[in-house]
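The values are calculated or read from the model by the stated rules, or taken from the named source; none is laboratory data. Values in this document were obtained by computation on a predicted structure and should not be read as measured data. For neighbour counting, all protein chains shown are included, and Cβ atoms are generated from backbone atoms with ideal geometry for every residue, glycine included. Ligands, DNA and RNA are stripped out before the accessible areas are found, and what is left, the full protein with its side chains, is counted by its heavy atoms. Shrake-Rupley method; radii C 1.70, N 1.55, O 1.52, S 1.80 Å.
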Amino acid sequence: MTTLQIMANGLQVSFAGLLAGGKKVPEWAHRLDDDAIRKRLAHIIDFERQRRTLHRYETAELIGVAEATFTKLERASGNISVDTIAAIAKALKLDPATFLFSEKISPTGDLPVSDKVEG
């Protein structure tokens, strides 16, 4: 995502505008940076995993990443690729832009990130 942030800055567009590819996104979404998007994504996948009562390894398998990668995603750490965002959206049957910029999630990016460890 760091590369995307650099590209957005260079093109003088918002990160959200770059990811949305011309689709309409809420005004507040244009103020999100890559860190806020990581937190939103972490919140979404943690919520979906718990809603579906899946273990981390099951969710990792569902979205096509290693469990260690999934854990990083869920904790909002590491650099998330566009391919991973697309895989998550596909697995959850959601449009990448709309699920990242949904108003159902706090637009501030101040979201709780799960530190729970499954045994």
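Share of carbon and sulfur in the accessible area of the stretch 13-79 stands at 51%, probe radius 1.4 Å. The charge dipole of the stretch 39-79, taken about its Cα centre with unit charges on the Cβ atoms of Lys, Arg (+1), Asp and Glu (-1) only, comes to about 200 debye.
Using the Cβ-Cβ distance between residue 53 and residue 86 with R0 = 22 Å, the FRET efficiency computed as 1/(1 + (r/R0)^6) comes to roughly 0.35. What's the FRET efficiency of residue 31 with residue 67 using the Cβ-Cβ distance as r and R₀ = 41 Å, to the nearest 0.05? It comes to 0.80.
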